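Before any comments, here is the structure.
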Amino acid sequence: MTPGTSRRGGPSLLVTLLASMLAVVALAVGGMFFFSDLAVRREVARLPPEVQSYLRARAEAERRGEAPPPFPALPQTTAPAPNSTERAGDGTGQAGTNRPRGPGLPAVLSPRSRDFVRGVQRNMVEGGLLAAALGALLSVWLARRIALPLGAVARAATGLAGGNLDARAPVLRGDREVADLARTFNHMATSLQALERERQQAVADIAHELRTPIAVMQARLDALEDGVYPLTTEQIELLSGQTQLLTRLVGDLRTLTLADAGRLGLHRQELDLADLSAQVVRDLRDRAASRGLTLVLHTVPAPVQGDPDRLRQMISNLVENALVHARREVQLTVTRQGEVARLTVDDDGPGIPPDSRQLIFTRFARLDESRSRHTGGSGLGLAIVRALAAAHGGQCDVAESPHGGARFSLTLPAGPGPG
């Protein structure tokens, strides 16, 4: 590919502008020379034959380096002007001797000579005006070539700003930069449209998630009010559980919103990922035992720099997700690999299909709707884990576990070791 050409075949805008300006200059200068030469040739052809012969002889003498021939005598058609001769002043105001205006030239220009000079000047002016007109036409064409696609992008941007997310700029054939501008604008508009769809879907999902516990609470309260159920400790516990679900959902949404906006405050300190994992396993061991599951922990020291509450939240979400799907056992492993501390959570459940492994990190994603609702999950746990991992400079991924289920890997930058 030569410099200044587009990968898509269109010339660069810089090359177009440079070539156009050079064309304008060349057209103006060339037009001036062409029309001037044409005018001179036409006027010379109107001169008397003896003058034409003299001019040809003079040009030939100059070419050979010889003295120019004398100008031939011409008949006087008009009286000489009173001041046709110059007086060489001596500083006293007295007249000097007559002196010719130039060697080999007549003392007075004939009317035909004056017409010749005027004709040359007139034709040069006409040629210059014609060259300027052609240059103006070329400039107008160049301006339209640049302005039309930019105007199309501007109109599409106005429509987008007015709320029309379907507005797109036409990608016209031509300069590379202008075409790239239209493509970039269309890509931005497509991204905004996708974000708007996600926002609308998120609002619908949030409304759906909030509606479920609120509907349960409203129905239970109506039943208590009508005397269908007695006001007992059991009914109060049921209402308290729905309230806790709402509280957790609101807290999770707030965490995700702050993380997306880059405003999630982290109180970093030096921690051991192995110690945090042991604390989470201790807190969730009773819950695992109630489901007939075993929690197994394998750790080595893995210092990290992070927020202890947020790190504990990430580990808890991963373990609770594994407890939902495991059949017999959930295994946690903490290792350090160079500059990276890694936590893996394995379960022996049904696993996750490959085409759904990235979907589970989106908000309100559930592969098993009934099971997640039964356990009170909001569908935000894994999305929070990925967002918090990114805030700590790490990442969270999922793959197939050697135990047959899913393996979630949390990778964080390792901190300085002891000592």
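Structural remarks
- With a cut-off of 11 Å between beta carbons, the residues surrounding P303 carry a summed charge of -2, where Lys and Arg count +1 and Asp and Glu -1.
- Counting charges near T243 (Lys, Arg +1; Asp, Glu -1) among other residues having Cβ under 12 Å from its Cβ returns a value of +1.
- Between L221 and R144, full extension at 0.36 nm per residue minus the direct alpha carbon distance yields a gain of 20.6 nm.
- The calculated P(r) of segment 204-265, using every Cα pair and 10 Å bins from 0, goes 21, 38, 24, 13, 5 in percent.
- Applied to segment 286-298, the Karplus parametrisation 6.51 cos²θ - 1.76 cosθ + 1.60 on θ = phi - 60° returns per-residue 3J(HN,Hα) values of 5, 5, 5, 5, 5, 9, x, 10, 10, 9, 10, 10, 10 Hz, with x for Gly and Pro.
- Coupling constants for segment 351-357 follow from the phi torsions by the Karplus curve (6.51 cos²θ - 1.76 cosθ + 1.60, θ = phi - 60°), and in residue order they are x, 10, x, x, 6, 10, 6 Hz; glycine and proline get x.
- Taking the inverse of the mean 1/r over every pair of distinct Cα atoms in segment 291-340 gives a Kirkwood hydrodynamic radius of 12.4 Å.
- Hypothetical label at T212: residues of segment 314-345 whose amide nitrogen lies under 20 Å (7 Å Cα-Cβ projection): 317-326
- Relative intensity, log₁₀ I(q)/I(0), of segment 159-244 from a Debye sum that treats every alpha carbon as a point, q = 0.10, 0.13, 0.24, 0.25 Å⁻¹: -0.52, -0.62, -1.08, -1.12
- Relative intensity, log₁₀ I(q)/I(0), of segment 247-358 from a Debye sum that treats every alpha carbon as a point, q = 0.19, 0.21, 0.23 Å⁻¹: -1.13, -1.23, -1.28
- In the assembled protein chains, F408 presents an accessible area of approximately 0 Å² (probe radius 1.4 Å).
- Put a plus charge on the Cβ of each Lys and Arg, a minus charge on the Cβ of each Asp and Glu, and nothing anywhere else: the dipole of segment 149-290 about its Cα centre is then about 700 debye.
- Whether segment 254-309 is rounded, prolate or oblate, judged on the alpha carbon gyration tensor where a/c under 1.5 counts as rounded: oblate
- Length added when fully stretched, A133-R155, from 0.36 nm per residue minus Cα-Cα: 4.8 nm
- Here the gap between R197 and A278, fully extended at 0.36 nm per residue and compared with their Cα-Cα distance, gives a gain of 25.1 nm.
The values are calculated or read from the model by the stated rules, or taken from the named source; none is laboratory data. Not measured: the values here are computed from a predicted model. No Cβ is skipped: glycine too gets one built from the backbone with ideal geometry, and neighbour counts run over all protein chains shown. For accessibility, only protein heavy atoms count, side chains too; no ligands or nucleic acids. Shrake-Rupley method; radii C 1.70, N 1.55, O 1.52, S 1.80 Å.
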